[in-house]
1. Could you work out which residue, out of A:V272, A:V33, A:V257, moves most in a Gaussian network model of chain A, that is, has the largest mean-square fluctuation with Cα springs under 10 Å?
2. Show log10 I(q)/I(0) for chain B at q = 0.11, 0.15 Å⁻¹, two decimals, from a solvent-free Debye sum over equal Cα scatterers.
3. Taking chain B as a Gaussian network, Cα atoms linked when under 10 Å apart, which of B:F190, B:F72, B:F85 shows the biggest mean-square fluctuation?
4. What ranking of A:Y254, A:Y201 emerges when the number of other C-beta atoms within 10 Å of each C-beta is taken as an exposure proxy, fewest first?
5. Quote the charge dipole size of chain B about the Cα centre in Debye, to the nearest 20; the model charges only the Cβ of Lys and Arg (+1) and of Asp and Glu (-1).
6. What value in Å³ per residue do you get for the convex hull of the alpha-carbon atoms in the protein assembly as shown?
7. Name the shape class, rounded, prolate or oblate, that the alpha-carbon gyration tensor gives for the stretch A:46-102, where a ≥ b ≥ c are the square roots of its eigenvalues, rounded holds for a/c under 1.5, and otherwise prolate holds if a/b is larger than b/c and oblate otherwise.
8. With chain B treated as a Gaussian network of Cα nodes joined by springs under 10 Å, which of B:A117, B:A75, B:A154 yields the largest mean-square fluctuation?
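Bear in mind these aren't lab numbers, they're just calculated from the coordinates by the rules spelled out. Bear in mind that the values here come from a model prediction, so they are computed numbers and not experimental data. Cβ coordinates were reconstructed from backbone atoms using ideal geometry, including for glycine residues, and neighbour counts include every protein chain displayed.
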Amino acid sequence: MADPVIKSYEPHHESRSAAVTESRPVQLLLMAVAFAFLAIFLLLPLIIVFHEALAKGFGAYTESLSNPDTRSAIRLTLLVAAIAVPLNVVFGISAAWAIAKFEFKGKAFLTTLIDLPFSVSPVISGLVYVLLFGAQGLFGEWLRAHGIQILFAVPGIVLATVFVTFPFVARELIPLMQEQGNGDEEAALSLGANGWQTFWYVTLPNVKWGLLYGVLLCNARSMGEFGAVSVVSGHIRGLTNTMPLHVEILYNEYNAVGAFAVASLLAGLALVTLVLKTLLEMRYGAEIAATRGH
Amino acid sequence: MTIAPAKAGWRFRQPSVIPGFGLTLGFSLAYLTLIILIPLSGLIWRSAALGWTDFWAIATDRRTINALQISFGTAFIAAAVNVVFGTLVAWVLVRYRFPGRRVVDAMVDLPFALPTAVAGIALTTLYAPNGWIGQLLAPLGIKVAYTPLGIVVALVFIGLPFVVRTVQPIMEEIDKEVEEAAATLGANRFQIITRILFPGLAPAIITGFSLAFARGVGEYGSVIFIAGNLPYKSEIAPLLIVIRLEEYNYPAATAIAAIMLLLSFVMLLVINLAQSWSRKRYG
């Protein structure tokens, strides 16, 4: 394991004297309260997902997962993520190149705009597309006249997902590339590399772990997004239901095993995301910069 | 590094040998405009087109006001709970060594990774009157699921990592020497915490609170399952937007969204002010 990185997360307190730490009973008390809080608020919800999914045995679990509507929800979720994530990766790299490698007026404002989707309620992220493409929307008439379906169809779901996951890759790469500076690129250029070669052979290898980190978070959110997608999807079974929406429908039909079976797949995705994220932080902490959180 | 301009004067960008500025900035701006700016200005345009009288009528509708009060009230309480427990969790993670610390640390990010709908049905099942936690609380006369208290529980879950992840790095940076100096000068542990440590952490705690609060106000997926969604009692503002949309009442949905957006924008401003204030004071 990469020791220097781990050290950067381990503050120097192994040798704390009694004067600058709490007494042992107080320590134990604080730890007990913290663990109890985490167990009740984080661990129990996670456990109950799998408990409820398997409540009627493994047969019922696999049976509800092989339901055709569930299958199509899984396919749609994978399809949406497969479109939304690459789009935001291209944007993230492009925005990070412009913002980190150059000095220009209005840069801080642009950075703020990129973060905007994080401060908008998911429901509003869906609503804005309804106002544009809905029947009473700005382009509603035109779209109907030309027979183009955006709302209550895959394009609308993709748009809403792209909106919600917009900042993830960019906000990971911008601070990282700013920290790395332009030295490597300038060296490559002075040695005769063209811009594309510089990006491909110099910049990209430098930021690959940070990029992966951003992709990981972006993907988790695109597969799990509920509010924004719920507003634009129309909830058509087998057609415009993503996995989180399918969870809602099954749950409201009192099909607890079905709902929690689909939920368990999403919870599994969350766990895999957390494990990969932690491994990235442990191994490449320095290379994914000090931008933890989100 | 970029070369400083030789003479003063307004310049859009400083010269640089690195290529691709026009391409990357152009693409980023076009994408940003198409995906974010045009749709959001559509919302502003639609609510401006409503006219002041209509807008005011929707904004002062009792159901709208109640929904906004519930959203902001529960988000505030949940963020306050998270300040207490999030700071405690950060403290335990930073200061104490125990087996499995890294697993606990990773677990804190679960609410970021777990889809909100999954969190919603899981919490509802736990806190329903016959659920694992609900049946313990029922004899005490405490109802959580299908009440505003349930909304708070969901928002505590959603907001926890915002506080922990904001406070934790600042806690790690505190110099041991400062505490040792205070101890040498005769301060007891309580004084060190309240007089030395807390002032240094306060800005981060404020930021964590604002982030958790902002997220809680807009939260939808985890809340609608546990809230019960009774109009005037446990109906959150984002749900009211969805209900108005389903009634094809676009003006009302737009107006409520515009109010929420305005309030979120004010909060964003406060967060930025808090951050620059903390940088100035402690940076």
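1. Taking springs between Cα atoms under 10 Å, the residue moving most is A:V33.
2. At q = 0.11, 0.15 Å⁻¹ the computed log10 ratios are -0.86, -1.20.
3. B:F190
4. Lowest to highest Cβ neighbour count: A:Y254, A:Y201.
5. Magnitude of the dipole: close to 500 debye.
6. 190 Å³
7. In terms of gyration-tensor shape, oblate.
8. Maximum among the listed residues: B:A117.
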